[in-house]
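Visitor: Handing you this structure, nothing more for now.
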Amino acid sequence: MFNIGFAELILILLIAFVVVGPKDLPKIARALGRFVRYIRNMIEEVKRESGLDEVESEFKNMERTIDESVRAADIRPELQKTQLSINKELNEIKKDVSFKDFKSNMGGKST
């Protein structure tokens, strides 16, 4: 939900320590934890009642299906294999046929 790093958390705790004081800080932290839990429960309840959680899971399933279809339809790996095979064959042909052989087959003199 929140993307808070360690440094930000330390800064927040230091500010809370200075503003609230060490005596009341645990009480404030518990109250804040209860409030966050209450808000999360309310959000989950709204999702359940409105059916948003079902829609969200449907979208995730659809996204997964689309990703799998795109991966299955991707012909690039096959094209790369074919290209490597063709290049290998061409290199073998180049080794077998040299320019001298070509000249001698055409009736020219080799030097």
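FYI, it's all coordinate maths here, none of it is from the lab. Predicted model only: the values in this text are computed from it and were never measured.
Visitor: Could you give the DSSP H helices of the chain that reach 20 angstrom or more along their long axis (alpha carbon positions) and whose average Kyte-Doolittle hydropathy is no lower than -0.5?
Guide: Sorted by number, the helices that extend far enough and score high enough are 6-20, 25-50.
Visitor: So, one more: Multiplying the sequence separation of Leu32 and Glu58 by 0.36 nm and subtracting their Cα-Cα distance, what value in nm do you get?
Guide: The span from Leu32 to Glu58 would gain 6.0 nm if fully extended.
Visitor: Another one. From the C-alpha coordinates alone, can you work out the Kirkwood hydrodynamic radius of the chain, in Å?
Guide: Radius from the Kirkwood sum: 22.2 Å.
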